[in-house]
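Below is one structure, written out as structure tokens; the observations come after it.
The values are calculated or read from the model by the stated rules, or taken from the named source; none is laboratory data. Source: prediction; values computed, not measured. Note: ideal-geometry Cβ built from the backbone for every residue, glycine included; neighbour counts use all protein chains shown. Note: areas computed on protein heavy atoms with side chains; ligands, DNA, RNA excluded. Shrake-Rupley method; radii C 1.70, N 1.55, O 1.52, S 1.80 Å.
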Amino acid sequence: MPTTTTLSSLITLLLPIIIIIGNVGVKGYDGRFNVASTTITEDSSDDTSGDDDGINNNNEDATESTTSSSQGSWTWSNILESRQTIIANGNIWPAPPDESSLDCLVLVTRNQIMWHCPSGNETSHERTILHRGNPGKFRGAFMGLGSDDDERKLGGGHSRMWLLHSPPKEFDQLLELDTVTGEILQRLVIDGCIDGHDAVRVGNSRVFIVDTRHGNIIEIAIPPSSHPYTQSSIEAGAEVLEEEGYVNIVKRHGGFTQADHVNNVAVHPDLLLSNLHGKGALRRNIAEAVASSPTRLTALDRTAPEEEEGRELDSDRDGFESIRNVGTWCHGIAFWEDDTDTSSPSQIKLISLDSKSGAAVSVVLVGPKVGTREVLWEPDEERHPVLRPPEGVARAYNNGAKVFSKGLAVQGGVAYFGVSYARAPHLRATVPESLLVAVDLKTKEELWARVVRSNGLINQILTKSYLGEVQLPDEISSVELTHHGVGGKLVAYCEDIVAKDEENGARSEVICKTAYEDPTQCHGPNARALCCACMGGARRQEPLLAGKLDREAMKIKDFVNATATFVPHHQCRDKNGLAKRLPLEMKTKSKIVTITDIDRDLNFIVKHLCNINVEPIQKLVADMGDEGFTIEYQHDGNNAVITNRHGMDKFKPGCDAITLIFSSKRADKVYHFPWLDGWLSMLRELVLEPLGIPLNQILRMQLANMPRGSDIGFHRDTNAWVQMGHRTHIPIITHPDVFFLAETMRDMKEDNAILRIKSNAGEVYEFNNAKGHAVRNVGPSRVHLIIDWVDDALYDEEKGDVEKLVKLRPSEVCTHPKGINELQCGGFALETNDGLKETNDSPEHEEL
């Protein structure tokens, strides 16, 4: 249930002496930062410790202040009731009349730009990845200018998006993204900006960047888009670059310091409203050297003359009261009008995140009960297991944060925000999944909570009202990627120490368990020695386990760098009604060597086609068991077989297959096996028709079985049929202990990353089998239907293509010797595990 705290008094704030550390003010600054005199280090902000008690200094009288400055009285009533537009990346105030709670969102995570639509359910909602990038962090985004006439567009909108990127040990950058292709087209340096946390575009000319390291809000001109939209973007309001490779900086708005840890900005015509984490978000050695700075929502005067030193607004001079009761390490600035109670005037509320507790909260800024704070949503690990940290990770690092909320949007009366288990900043990338939550602001009910493969925290959530229309790829990718290990980091693990004797053991176990919720337990006997929550316990360094997928990958010896999983959907064909496919040019010798990076080249390695119903096939396969795949069973059951399995046993020991269709190595002849007739009706209905694959375009089709403990070593498929065909996998029987692995490099090198492709039954995908690949099965049997098909018809059965289609006879035995193009059939002995078995085959077979 929501909780309410009503404040009873107004405490006038005295502005502390601001100590500017590493900050370059506007006054006297006329050039780029001197790199030689500016030390660029890893992010010094921690976001994981703080001592702010969340006491609010606002009350009902705050909005009635008559204190004024040259700009007037900046009470919250004057700011919000004037209905002047305030722009944040996740909220526009006042809300546009056509805004809908179902408008699609853009999620900005550590290394991904994700498209996410609220409509639908946990599995059916539309989502895709617009871009993946490493290394560095994405912290914000805004649309560029001039691309709204893109000839590729289907429903209007812009195709150029600028990303705020913080690369390690460099100044921040703006990256120009083509939202249709996912390519980065341009990189521009934001001179002197380090650890930027937010970017907000205002109109067609300005963008405000939060320079967290130096406590500045940097105002820049919108840069021109790259070719072919350079001129059209300039005509729309972008400014020609004064220096190639650098954005045009208009002004550095000062007034904050590194100790304030500026986090977000919302832009008012006269003000820059800013969320400050405060001193508590800094590492201890830095915090001790700087002035006090509590968590708060505050403001700068956007219109202050350049010759004046910037300053934070205060109550004495400006009539402005900062908001200090949101919580600790607040994120997100959104304003929402609550007219639920029709018997009293409406309230205008601040919607924000109490990040340390993982909660979403509201604070009344205008209307009845000003200053009232209400918790709208709190995390519950029982209902949302994704919020539990990996087993053994010390939950109580620093001063006890367990979950962390970040990224907020409010549209159509619904708040959307991200929540994950808390990690120190250098380990934020090791959070593989986040929870995306939707809460109805009127009812305070959770509408849904979805697990998002975010590869780190959700840093920002952007709305359609802020971005406008965004052009998407013609075909939405449904492959999601989870990175493992993050460079092989070792992380701190901790286990509570349980006393050996029964009585003390039970007592110490209870103390340590309750200490996570009640820090006073740490004052008890031996608690600081026994309990992780009290900075005691048995601590050690272990290889990173970032979640369930990491724990699965530890079951095999191969080091898996990332796992690809699939978003369930049933759109099996493209917009033209044709089978979806990977581009065959990426299987050629000249192109295959260019696929070297998982993030950049994922869409050339694997493509999820759709989800289909394979239950009837599962039942038939399960009834056959492993025995049904043996060559003896098939031969005795009148299927033709391919004997001489020395090559298969070499790299596929223990594996068997039921061959239904086979081809020559040059793909100029196709062989239909007798069992195809019995399977074809079901396969057409369940597989071939939904996927749009005609029978006369299939080169090879087999049911491949991997019994428990079997293994397929790394290999690349070769010969002409590989480059001509699309290798499509339809998992029939599978489980989490199957590991389909793909190499990124052509040769096994030290930097050769390994991608795991994890699929559930019925999740159809195409794999580029010209890349090296292997399969490990450490669980029960796995069965895939594997189809290799080509873009054009191989034969015309009605016309009797005698030279191209061969129908093999029942129990016919064939071989496929090395260096020979076609199958050699008839007159061969059946080679089994028990030796040679005589057959009555003759070399005759039916040709059409």
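Just one of the numbered conditions (1) open to solvent by 10 Å² or more (accessible area, probe 1.4 Å); (2) on the phi > 0 side of the Ramachandran plot is not true of GLY762: (1).
Listed by first and then second residue, the pairs linking a residue in the stretch 92-106 that is over 10 Å from THR463 (Cβ atoms) and of a type outside the set (A, V, I, L, M, F, W, C) to a residue that is surrounded by fewer than 15 Cβ atoms within 10 Å (Cβ to Cβ) and modelled with pLDDT of 95 or more, with Cβ atoms under 6 Å apart and 6 or more places separating them unless they lie on different chains, are PRO94/ARG83. Within the bounds of the stretch 506-514, is there any residue that is charged (D, E, K, R), surrounded by 15 or more Cβ atoms within 10 Å (Cβ to Cβ), out of contact with any Cys (no Cβ under 9 Å at 6 or more places or on another chain) and at pLDDT below 85? Yes, there is a match, as at least one residue in the stretch 506-514 is charged (D, E, K, R), surrounded by 15 or more Cβ atoms within 10 Å (Cβ to Cβ), out of contact with any Cys (no Cβ under 9 Å at 6 or more places or on another chain) and at pLDDT below 85.
Looking at the structure I just gave you, is ARG782 under 26 Å from GLU552 (Cα atoms), touching a residue at least 24 places away in the same chain (Cβ under 8 Å) and either among the hydroxyl-bearing types (Ser, Thr, Tyr) or touching a Ser or Thr at 6+ places or on another chain (Cβ under 8 Å) (or both)? So ARG782 fits the description; yes. Hey, among ASP440, ASP474, which residue is surrounded by fewer than 18 Cβ atoms within 10 Å (Cβ to Cβ), among the acidic types (Asp, Glu), out of contact with any Cys (no Cβ under 8 Å at 6 or more places or on another chain) and modelled with pLDDT under 90? After applying the criteria, what remains is ASP474.
I'd like the residue in the stretch 649-701 that is within 25 Å of GLN723 (Cβ to Cβ) and among the hydroxyl-bearing types (Ser, Thr, Tyr) and, out of all such residues, is surrounded by the fewest Cβ atoms within 10 Å (Cβ to Cβ). For the stretch 649-701, the residue satisfying everything is SER664. Which members of the stretch 223-239 meet the condition of being touching a residue at least 40 places away in the same chain (Cβ under 8 Å) and either β-branched (Val, Ile, Thr) or surrounded by fewer than 18 Cβ atoms within 10 Å (Cβ to Cβ) (or both)? Correct list: SER226, THR230, GLN231, SER232, ILE234, GLU235, GLY237. Within the stretch 326-348, the set of residues being farther than 11 Å from SER362 by Cβ and either in contact with a Leu (Cβ under 7 Å, 6 or more places away or on another chain) or of a type in the set (S, T, N, Q) (or both) comprises THR328, CYS330, HIS331, GLY332, ILE333, THR340, THR342, SER343, SER344, SER346. For the stretch 781-808, a tally of residues being open to solvent by 20 Å² or more (accessible area, probe 1.4 Å), farther than 21 Å from ILE693 by Cβ and at pLDDT 95 or above returns 1. Pairing each residue of the stretch 357-372 that is farther than 17 Å from HIS277 by Cα and charged (D, E, K, R) with any residue that is open to solvent by 10 Å² or more (accessible area, probe 1.4 Å) and at pLDDT 95 or above, provided the two are 6+ apart or on different chains, yields C-beta distances under 9 Å for LYS369/GLN347. For GLU242, the criteria (1) open to solvent by 10 Å² or more (accessible area, probe 1.4 Å); (2) over 26 Å from the mean Cα position of the chain (by Cα); (3) touching a residue at least 12 places away in the same chain (Cβ under 8 Å) hold in every case but one, which is (3).
The rows are residues; the columns are (1) in a loop (DSSP other than H, G, I, E, B); (2) at pLDDT 95 or above; (3) surrounded by 17 or more Cβ atoms within 10 Å (Cβ to Cβ).
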position	(1), (2), (3)
SER405	no, no, yes
PHE417	no, yes, yes
LEU427	no, no, yes
LEU436	no, yes, yes
LEU447	no, yes, no
GLY488	yes, no, no
ALA499	yes, no, no
GLU503	no, no, no
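For the stretch 312-347, a tally of residues being in a loop (DSSP other than H, G, I, E, B) and touching a residue at least 60 places away in the same chain (Cβ under 8 Å) returns 14.
The residues of the stretch 179-210 that are open to solvent by 10 Å² or more (accessible area, probe 1.4 Å), assigned to a strand (DSSP E or B) and within 21 Å of ASN459 (Cα to Cα), listed by number, are ILE184, ARG187, VAL189, ARG201, VAL202. Does ILE190 satisfy being farther than 22 Å from ILE86 by Cα and in contact with a strand residue (DSSP E or B) (Cβ under 9 Å, 6 or more places away or on another chain)? So ILE190 fits the description; yes.
Looking for something surrounded by 14 or more Cβ atoms within 10 Å (Cβ to Cβ), in contact with a Lys or Arg (Cβ under 6 Å, 6 or more places away or on another chain), in a loop (DSSP other than H, G, I, E, B) and at pLDDT 90 or above - is there at least one such residue anywhere in the stretch 544-551? No, because not a single residue in the stretch 544-551 is surrounded by 14 or more Cβ atoms within 10 Å (Cβ to Cβ), in contact with a Lys or Arg (Cβ under 6 Å, 6 or more places away or on another chain), in a loop (DSSP other than H, G, I, E, B) and at pLDDT 90 or above.
Look at ARG213 and say whether it is buried (at least 23 other Cβ atoms within 10 Å of the Cβ), modelled with pLDDT under 95 and basic (Lys, Arg).
Working: buried (at least 23 other Cβ atoms within 10 Å of the Cβ): yes; modelled with pLDDT under 95: yes; basic (Lys, Arg): yes.
Answer is yes for this residue.
In the stretch 581-598, which residues are in contact (Cβ under 8 Å) with a residue 40 or more places away in the chain and either small (Gly, Ala, Ser) or open to solvent by 20 Å² or more (accessible area, probe 1.4 Å) (or both)?
Within the stretch 581-598, the subset in contact (Cβ under 8 Å) with a residue 40 or more places away in the chain is 581-582, 584, 586-588, 592-593, 595-598.
Passing the criteria: ARG581, LEU584, THR588, VAL593, THR596, ASP597.
The test for being modelled with pLDDT of 95 or more and open to solvent by less than 20 Å² (accessible area, probe 1.4 Å) does not hold for LEU130.
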